[in-house]
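Peer 1: One structure, pasted below without further comment.
The values are calculated or read from the model by the stated rules, or taken from the named source; none is laboratory data. Since this is a predicted model, take the numbers as computed values, not measurements. Note that we place each Cβ from the backbone using ideal geometry, even for glycine, and neighbour counts take in every protein chain shown. Just so you know, the surface numbers come from the protein's heavy atoms only, side chains and all, with ligands and any DNA or RNA stripped out. Shrake-Rupley method; radii C 1.70, N 1.55, O 1.52, S 1.80 Å.
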Amino acid sequence: MLKVFVQRNLSITSGCSLLKRTFLSKAYQCTEAWNARLTTSILEKVNLDTLYYDLEQRFQQKHKVSALDIDIYANKLVDDTHVDEIADLLYKFRLTEEASNTLDSTHHALVRNFLEHKCYDQLIDVLNNRIGYGVFLDDYSANLVLDQLIKEKQFKYAARIATLLALQEDFANPITRGLSLYSCYRYAKAPDSEHFDDLVPVAQETSETEGPRKKKKEETKVRVKFIRNPFFDDHFDLKDSQLLLGKTFIELGKSYGGSNTVIGASCELLGMTMYRKYDQALSFLKEHAGKEVNAEVLQLVHNVLEKEQNGEDVSFAAFRDAVPKIEATMKINKENFEKLLLALVEKSVADSEKQQIEEQTKLYSEWCNQRQQRLDDDLSRLQRAKRIKEMEQLTVEMEKEEQKLWFFENEDKIDLQIDSKRVFYPKRWFGKKKKPRTVDVDYVPPEVRQRN
């Protein structure tokens, strides 16, 4: 039987009790196993400020930093004094050739540090900039983030995390899938749900770019070789919050069985509506006649259609007219949809929590061993390179000493070597030589007379 952990905080000043609910237990955080990394010989001796200045200096001078150094810096963080610095270093490191050797523990440490100090905006900015930072949530860190955001009722941030996971099209983890669906539904259900903070609404973006057209600015035309055709992949190029949320609902609905279950069919229908795929929604209603759909989700579909202003769109009008007739073609489930999702999440936590805790504890230990192994390999490689350099220097010195000792015996040979190293430059050509002018002996100059 699943245990739902509820914390009740009594407020003496207000005289009321605040209820906070979280699905995952405190043991899921694996705090003791995670903090064990600080007692290792590597991190225990590291001074965070000294390491930061050393990394900055190497970035400026050599533009090259080891992935192990970045991992040590990220895992050494225990407070919020270096929150901005780790993101900046990771962005610079992403531009180097060593970025392909990034350790998994680096990304995990970054996420846990942002989560511990409640830097939600920075976390979403880092996760959304996949090219600049290259940070992706694994199943375990995604569960930690979603659970804490739900606990603090930050459903906007939780839904944004779910949309980022949906872009990866991977909801294999049952706990991640359940928490994502619950977050998205609570956010979509809120009457005052706004756009995500890191995304600018399309209408606002166009108005800002256009601006007041009082004076015509001077235009500078630049000749280009070619112009790329505009391309929209309908996936990573999505910038509208509603479209992203609708796409997430569709992915989650498919992962929950699609039209074969109440949750799957309801999520797909709501997702197609928010995603503005009205043709697909009409086909869905025709193909799955007789299936079961939740009544609360249908009400959300009505609310979304009322806010839309696509009256000229034929497919929108057809779908809007077909929605009131759903009751005649499909079964209506009148259960509380939020309770259905809660039961789904609780079941997934009960079935998978213990196993994931054991796997994550083991993974933390493996990361410590891997960090030590990488350090040993780097040290041995540096020592080997140092010995090779010393041997090469010793060989050069021995050759010079041998040349001094056997100079008179090899004097002719040395002279030949010196002569062979001489560079003979070709003579410069200054053009064809001119013939000297000949003087005519019989030449008589003309008589010059003065004019009166």
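Peer 1: Looking for something open to solvent by 50 Å² or more (accessible area, probe 1.4 Å), touching a helix residue (DSSP H, G or I) at 6+ places or on another chain (Cβ under 9 Å), outside any helix (DSSP H, G or I) and polar (S, T, N, Q) - is there at least one such residue anywhere in the range 71-90?
Peer 2: Yes - at least one qualifying residue is present in the range 71-90.
Peer 1: For residues that are touching a residue at least 12 places away in the same chain (Cβ under 8 Å), farther than 16 Å from SER66 by Cβ and not hydroxyl-bearing (Ser, Thr, Tyr), tally how many sit in the range 364-400.
Peer 2: Filtering the range 364-400 for residues touching a residue at least 12 places away in the same chain (Cβ under 8 Å) gives 364-365, 367-368, 370-372, 374-375, 378.
Filter again for farther than 16 Å from SER66 by Cβ, leaving 364-365, 367-368.
Restricting the remaining residues to those that are not hydroxyl-bearing (Ser, Thr, Tyr) gives 367-368.
Number of matching residues: 2.
Peer 1: What is the residue count in the range 286-314 for residues that are open to solvent by less than 20 Å² (accessible area, probe 1.4 Å) and either touching a Lys or Arg at 6+ places or on another chain (Cβ under 9 Å) or touching a residue at least 60 places away in the same chain (Cβ under 8 Å) (or both)?
Peer 2: Going through the range 286-314 one residue at a time, the tally reaches 3.
Peer 1: Going through the range 323-340 one residue at a time, which ones are in contact with a Leu (Cβ under 8 Å, 6 or more places away or on another chain) and open to solvent by less than 30 Å² (accessible area, probe 1.4 Å)? Explain how you work it out, then say what you get.
Peer 2: Of all residues in the range 323-340, those in contact with a Leu (Cβ under 8 Å, 6 or more places away or on another chain) come to 323, 326, 329-330, 332.
VAL323, ILE326, MET330 - these are the residues of the range 323-340 that are in contact with a Leu (Cβ under 8 Å, 6 or more places away or on another chain) and open to solvent by less than 30 Å² (accessible area, probe 1.4 Å).
Peer 1: A further question follows. Can you pull out every residue in the range 56-70 that is over 11 Å from LEU375 (Cα atoms) and of a type outside the set (Lys, Arg)? Break it down stepwise before answering.
Peer 2: In the first step, residues of the range 56-70 are kept if they are over 11 Å from LEU375 (Cα atoms); the result is 56-65, 70.
Those that are over 11 Å from LEU375 (Cα atoms) and of a type outside the set (Lys, Arg): GLU56, GLN57, PHE59, GLN60, GLN61, HIS63, VAL65, ILE70.
Peer 1: Do you know which of the residues in the range 162-203 that are open to solvent by 60 Å² or more (accessible area, probe 1.4 Å) and over 25 Å from the mean Cα position of the chain (by Cα) is modelled with the highest pLDDT?
Peer 2: Keep residues of the range 162-203 that are open to solvent by 60 Å² or more (accessible area, probe 1.4 Å), which gives 168-170, 172, 186, 189, 191-192, 194-195, 197, 200, 202-203.
So of that shortlist, the ones also over 25 Å from the mean Cα position of the chain (by Cα) come out as 186, 189, 191-192, 203.
On the way: ARG186: 93, LYS189: 88, PRO191: 66, ASP192: 66, ALA203: 43.
The qualifying residue modelled with the highest pLDDT is ARG186.
Peer 1: A further question follows. Here is a check on your reading of the model: is SER365 open to solvent by less than 100 Å² (accessible area, probe 1.4 Å), small (Gly, Ala, Ser), within 30 Å of CYS184 (Cα to Cα) and part of a helix (DSSP H, G or I)?
Peer 2: On the way: open to solvent by less than 100 Å² (accessible area, probe 1.4 Å): yes; small (Gly, Ala, Ser): yes; within 30 Å of CYS184 (Cα to Cα): no; part of a helix (DSSP H, G or I): yes.
For SER365, the condition - open to solvent by less than 100 Å² (accessible area, probe 1.4 Å), small (Gly, Ala, Ser), within 30 Å of CYS184 (Cα to Cα) and part of a helix (DSSP H, G or I) - is not met.
Peer 1: Taking the conditions exactly as written (modelled with pLDDT of 90 or more, within 60 Å of the chain's Cα centre (by Cα) and not small (Gly, Ala, Ser)), does LYS421 satisfy them or not? I'd like the intermediate steps shown before the answer.
Peer 2: On the way: modelled with pLDDT of 90 or more: no; within 60 Å of the chain's Cα centre (by Cα): yes; not small (Gly, Ala, Ser): yes.
Spelling it out, it is not the case that LYS421 is modelled with pLDDT of 90 or more, within 60 Å of the chain's Cα centre (by Cα) and not small (Gly, Ala, Ser).
Peer 1: What are the residues in the range 386-418 that are of a type in the set (D, E, K, R), open to solvent by less than 100 Å² (accessible area, probe 1.4 Å) and within 60 Å of the chain's Cα centre (by Cα), if any?
Peer 2: Step one: of the range 386-418, the residues of a type in the set (D, E, K, R) are 386-387, 389-390, 392, 397, 399-402, 404, 409, 411-413, 415.
Right, trim to open to solvent by less than 100 Å² (accessible area, probe 1.4 Å) and you get 397, 401, 411, 415.
Once the filter is applied, which keeps residues that are of a type in the set (D, E, K, R), open to solvent by less than 100 Å² (accessible area, probe 1.4 Å) and within 60 Å of the chain's Cα centre (by Cα), the range 386-418 yields GLU397, GLU401.
Peer 1: So, of the residues in the range 232-262 that are open to solvent by less than 40 Å² (accessible area, probe 1.4 Å) and of a type in the set (A, V, I, L, M, F, W, C), which turns out to be nearest to THR329 (Cα to Cα)?
Peer 2: Only one residue fits best here, namely VAL262.
Peer 1: So, in the range 325-358, of the ones that are of a type in the set (Val, Ile, Thr) and assigned to a helix (DSSP H, G or I), which residue ends up nearest to LEU300 (Cα to Cα)?
Peer 2: ILE326
Peer 1: Please tell me if ASP138 is open to solvent by 10 Å² or more (accessible area, probe 1.4 Å), over 27 Å from LEU341 (Cβ atoms), under 13 Å from the mean Cα position of the chain (by Cα) and not β-branched (Val, Ile, Thr). It would help to see each step written out before you state the result.
Peer 2: Numbers: open to solvent by 10 Å² or more (accessible area, probe 1.4 Å): yes; over 27 Å from LEU341 (Cβ atoms): no; under 13 Å from the mean Cα position of the chain (by Cα): yes; not β-branched (Val, Ile, Thr): yes.
So ASP138 fails the test.
Peer 1: Which residue pairs have Cβ atoms under 7 Å apart, sit 6 or more places apart or on different chains, and have a first residue in the range 56-84 that is modelled with pLDDT of 90 or more and small (Gly, Ala, Ser) and a second that is crowded, with 17+ Cβ neighbours inside 10 Å and assigned to a helix (DSSP H, G or I)?
Peer 2: Close Cβ pairs satisfying both conditions: ALA74/ILE86; ALA74/THR106; ALA74/ALA109; ALA74/LEU110.
Peer 1: Same structure, new question: For ALA343, indicate whether it is open to solvent by 50 Å² or more (accessible area, probe 1.4 Å), small (Gly, Ala, Ser) and in contact (Cβ under 8 Å) with a residue 40 or more places away in the chain.
Peer 2: On the way: open to solvent by 50 Å² or more (accessible area, probe 1.4 Å): yes; small (Gly, Ala, Ser): yes; in contact (Cβ under 8 Å) with a residue 40 or more places away in the chain: no.
No, not satisfied.
Peer 1: If you don't mind, another one. Would you say LEU144 is in a helix (DSSP H, G or I), within 18 Å of LEU238 (Cα to Cα) and at pLDDT 90 or above?
Peer 2: Values: in a helix (DSSP H, G or I): yes; within 18 Å of LEU238 (Cα to Cα): no; at pLDDT 90 or above: yes.
Against the criterion (in a helix (DSSP H, G or I), within 18 Å of LEU238 (Cα to Cα) and at pLDDT 90 or above), LEU144 does not qualify.
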